[in-house]
Amino acid sequence: MSEHPLTLLLEFDDQVRRDQHQAPAFLHRRDRKFALDARDGATGPRQWLAHLQHLSGRPPGQTDKRLARWRRISFSFAAAGALLGMLTMLGLLFYDGSGRINITVILAFILLQLLLALATTVQAFVGWRPWGWLVDRYTRRSGEIVSVLTRLHPQLLARAAHTGGLLFGLSGLATLLLLVVMQDLAFGWSTTLSTGADSYHHWMQILACPWQGLWPAAVPNAELVESTRFFRAGSPQPIAAARWGDWWPFVALTWCCYVLLPRLLLVTLAQIHLRWRTRRLLLRHPGLTALRYRMETPMLDTGSIEEATHQSPQLATPADLQPYPDSPAVIRWAGAGDPLLPEDFTATAQRQLLSAGGAASLSDDRRAIQQARGVLAHHPEPAVIVLTRAWEPPTAELEDFLTLARDQWPEATLISLLPLATDPRHRPGETQLAQWLRFAERQADPRLQVSVYELTEAVNRAAEGQL
Amino acid sequence: MTDAPVFAVVGHPNKGKSSVVATLSQNDAIAIALEPGTTRHSQAYPLRIDNEVRYTLVDTPGFQRPRQVLEWLQAHSLSASDRAETVAAFVHQHRDDPRFQDECELLGPLIEGAGIIYVVDGSVPYSAENESEMTILRWTGQPSLALINSIGPDDYSEAWHNALGQFFQVVRKFNAVSAPFNQHLSLLKAFGQLQPAWEAVLDQAVLQLSGQRAQRKEQAARLVATALEDLMAWQEQRTLTASQLAGHSRDSLAEQLRQRWYRHQRQREQALRLAIEQLYQHHRIQRQEAELTWHSEHDLFSDNSRQTWGVSKAYLATAGFGAGAIGGAGLDAITLGASLGTGALIGGLLGAAGSYFYGDRLKLPVLHLGVLRNGLQTARFGPVQDIQFGYVVLGRAVDHWWHVSHRNHAGQDLLDLEPTDRHWLEELASAYRHDIQHALARCRRQRALSSDQRHRLAVAVEAALDTYSQWRQSRG
């Protein structure tokens, strides 16, 4: 990965775009892990990108196509600048011996260059893209997706323009020096305005201020100004002809000072501005905020290591409900029928009501089994109803109780489990009944069944009236 | 961290232990309502922060023979001081006894120092049968909390509360299926208060869970924004040779591409659904979604959807004004402000007028045939020209997010996304509306969003999620 902030910004922006379709949990895990593993807290976007590129085996240092395109644009500007600089200087210094090269024209041109350079810089700082539509069209045609680079177009273009301007200045200066050596150039000054030589000399002094101490010979004196003025009509003075060439050091230094130097400074400024803005864009990139958040936020995992049960339980059962028998013994298991016990199960002379399970102790259970045994022993069709709470699932304690009872009671005893609803007058829900049917099925006891108690509508109303 | 607290969720079989664990551990794969007595092993669900266990919830089998256990304990204990040791002795003694496997599994974590979370069903009457269990738990001497989890419609929680208060340090009501998220956090905090050493750990976990919740909302908004972008800009393309083109009438080609376009849009919306569900760790809704009734009745493209989730002309005009003003402001920027904001005003008015007059007209995508080049011609269908389409997608996505984010992991019922009766989006702040409108308009013209625009859209969608939540809350 290149060290240049622009490359960094583009690669970061691309990575954020690639991440857009990744699962958020994955991104969080990946980035948090990177942050935890990072040594010395080096978790900046540069290290992060290097880490990702290293993991994906992407070769480092590949030139971005978009930057290569801008490099080509800069090169085109530079080449065009160099060519135009040479042509412009040839045009400005065109001398066929019949007239003089007007210093005023050269100064005006230098001023224009200066203004153009400043305008380019202002445009880059304001962020104006008057040519944006052209670039957009070009990038769209080349299939380039919108990237953060669009926001740097003003700065990139300013840098390219200043590079072109710098080459323009250099090439112009080289052409000037070459022409000075190879030709006898005749400079003079002329203007339609009613400006006197003194005034012109004063302006020249101001322009030459920067190099006055360094190279005094390049500062035109009053005599030179006075003697090299020319008019449309009238013949040149013989003294002046010898001094026409003395202007060239002034022209060369004015060019250096007001064309080359500003361009050099502005191209450096453009470069600094581009880097500054690139860094700012990276720092304010929404992806960086999200990345930092992912790095700083701990990863929460609430799952189990072991595979949890994914299959729903099999709830169907082939067993059916059976009518409950006329039983001489009724056992209330774990407080079933309390406080409302249906009349069919209350204690009578023919029916004994016993309690087991729940709050009763295990010895109470054994006692209840013994008492029931005594009743069943004299009964021709031994049967026991075990009332249970339909909503309480059958437990192993009931299973133990039934196993013990089966050992104690006559072999032919029919045991009917009868789950009661919270309101015993009503039939329990099917889900509740199903668990009792499945329980009975698991016991594999042919003399064990499940029954249900339900008052009919008319009896129900009567019972409600009694209550 | 070696001293991370462990909480064993214990109780009578089928009283919602697994539901509580499923909700608190955000794991919908925990089988709920298993046949009583068939869960024979404890299952640990640790909460890890950066792979470091902070606390563990242990789902245990229910008590099967509590009275026998209590009888054994009472027979082997001399005084109150040896009770905890006696419970440990019971576990060691019966580790290999299949008759007490359930008890050993549930008491095992307790003798190793786990806190007790005793779960009862508050919708059924209190039973003294539970007292044996509660006594055994008290014998362990571990910090304890009782949860009244109401499974059915009836309420006996008062009686339970009174009874449980005699055995447990803290008694809380908690409905594992319907309790809102802040109650989950409050419950976890209560776990921390059982023992001073646990408080900081649980407080930290609660903080992280709250952060995760906020982060998920933001991530959900990003997912919705990305889907919105994709759906609005989708174009179906097919390249045909001249002979293939001659074999198709324009209508049949348009119909073919239309069907493919519609299929893609539906699949993209489904992909968004799944992504949101996975974000909230709901993995089982995926299977249940095929059975959803809303999908066929309230399809993405149905008029019903449009009626429900589309926005009014006035809304479009306001949002259009903002979006137009953003474009018009460009003119002001070019003139360095010399136009004194006229550009923004004109842009805004044009945007508002355009949205008002064309906003409610159903502009379906149309078929475009490209130029014949090298004997090949490309037929294109889409993107959608109806801006309302974006609002339909947004409305449905936000509604789905709300249901998923408010769904507890113990929930087993079908996800029913019933349409709303009034448009809530009008309560969204105007700046966000403009951002949404601007992004939709840009996508519709197949102009990709920059990172910054994408971020603004996601922020606006997140604000829409908040607005929708508030609106649902205000409806009760």
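The values are calculated or read from the model by the stated rules, or taken from the named source; none is laboratory data. The structure displayed is predicted, hence computed values, not measured ones. Counting neighbours? That spans all protein chains shown, and the Cβs are built from the backbone with ideal geometry, glycine included. Just the protein is used for accessible areas: all its heavy atoms, side chains included, with ligands, DNA and RNA removed. Shrake-Rupley method; radii C 1.70, N 1.55, O 1.52, S 1.80 Å.
Sorted largest first by accessible area at a 1.4 angstrom probe radius, with every protein chain in place, the residues B:Lys15, B:Lys189 fall in the order B:Lys189, B:Lys15.
Taking 32 Å as the limit for the C-alpha separation, the pairs A:Lys33/B:Lys173; A:Lys33/B:Lys217; A:Lys33/B:Lys15; A:Lys65/B:Lys217 exceed it in the case of A:Lys33/B:Lys173; A:Lys33/B:Lys15; A:Lys65/B:Lys217.
Using the Cβ-Cβ distance between A:Trp215 and A:Ala80 with R0 set to 25 Å, the FRET efficiency from 1/(1 + (r/R0)^6) comes to roughly 0.20. The alpha carbon radius of gyration of the range B:98-192, expressed as a multiple of 2.2 N^0.38 Å, is 1.11. Within 10 Å of the Cβ of each residue in A:432-438, the mean number of Cβ atoms contributed by other protein chains is 2.
Averaged over its residues, the range B:6-194 has an accessible area of 36 Å² per residue, based on protein heavy atoms and a 1.4 Å probe. Amide H to amide H, with H built 1.01 Å from N, B:Gly370 comes under 5 Å of B:Thr378, B:Ala379, B:Arg380, counting only residues 5 or more places away or on other chains. Scalar couplings 3J(HN,Hα) for the range B:434-448, obtained by applying the Karplus form with A = 6.51, B = -1.76, C = 1.60 to θ = phi - 60°, are 5, 4, 5, 4, 5, 5, 4, 5, 5, 5, 4, 8, 6, 9, 5 Hz; x denotes Gly and Pro. Most tightly packed first, judged by the mean number of other beta-carbon atoms within 10 Å of their residues, the peptides A:323-334, A:281-292 read A:323-334, A:281-292. In a reduced charge model with +1 at each Lys and Arg Cβ and -1 at each Asp and Glu Cβ, chain A shows a dipole moment near 3320 debye about its Cα centre.
The accessible-area ordering, largest first, of the residues A:Cys257, B:Cys104, A:Cys209 stands as A:Cys209, A:Cys257, B:Cys104, per a 1.4 angstrom probe. For A:Leu116, the accessible area of its heavy atoms, probed at 1.4 Å with every protein chain present, is near 90 square angstrom.
Close amide H partners of A:Leu417, meaning residues 5 or more places away or on another chain with modelled amide H under 5 Å apart, are A:Val386, A:Gln449, A:Val450, A:Ser451.
Seen against the Cα atoms of chain A and their longest principal axis, helix A:396-408 is set at about 20 degrees.
Taking every protein chain into account, the 1.4 Å probe leaves A:Met299 with about 40 Å² of accessible area, to the nearest ten. Per the accessible-area calculation with a 1.4 Å probe, the total area buried between chain B and chain A rounds to 5100 Å². Here the range A:65-293 has 68 percent of its accessible surface on carbon and sulfur atoms, given a 1.4 Å probe and all protein chains in place. Heavy-atom accessible area for A:Ser363, with the other protein chains in place and a 1.4 Å probe, reaches approximately 50 Å².
The residues of chain A expose, per residue, 52 Å² of accessible area to a 1.4 Å probe. For peptide A:358-364, the mean count of partner chain Cβ atoms within 10 Å of a residue's Cβ comes to 4. Here, chain A has an Rg and a Dmax of 51.8, 162 Å when only alpha carbons are counted.
Once the C-beta distance of B:Asp154 and B:Thr378 is scaled by a Förster radius of 41 Å, the resulting FRET efficiency is 0.05 to the nearest 0.05.
Partner chain Cβ atoms within 10 Å, averaged over the residues of A:388-401 - can you pull that number for me?
Shielding by partners across A:388-401 averages 6.
Going by accessible surface with a 1.4 Å probe and the largest first, A:Ile110, B:Ile151 read B:Ile151, A:Ile110.
The angle separating the long axis of helix A:45-55 from the principal Cα axis of greatest extent in chain A is about 60 degrees. Across the accessible surface of the range A:329-466, with the other protein chains kept in place and a 1.4 Å probe, carbon and sulfur atoms take up 49 percent.
Peptides A:444-452, B:405-413 ranked from most to least packed by the mean count of surrounding Cβ atoms within 10 Å: B:405-413, A:444-452. In loop segments of the range A:38-122 as defined by DSSP, there are no trypsin sites (Lys or Arg not before Pro) with at most 14 further C-beta atoms inside 10 Å of their C-beta. Kirkwood radius, the range B:6-194, all distinct C-alpha pairs, inverse of mean reciprocal distance: 16.7 Å. Projected onto their three principal axes, the Cα atoms of the range A:65-293 cover extents of 81, 33, 31 Å, largest first.
So the label point goes 7 Å from the Cα of A:His379 along Cα→C-beta, right? Which residues of the range A:430-456 then have their backbone N under 18 Å from it? Of the residues in the range A:430-456, A:446-453 have backbone N under 18 Å from the label point off A:His379. Taking amide H as placed 1.01 Å from N in the peptide plane, the amide H of B:Tyr118 sits under 5 Å from that of B:Val10, B:Leu145, B:Ala146, B:Leu147, each at least 5 places away or on another chain. Would you work out which of B:His248, B:Ile285, B:Gln237 lies farthest towards the positive end of the dipole of the range B:181-293? Charges go on Cβ: Lys and Arg +1, Asp and Glu -1. The one lying farthest along the dipole's positive direction is B:His248.
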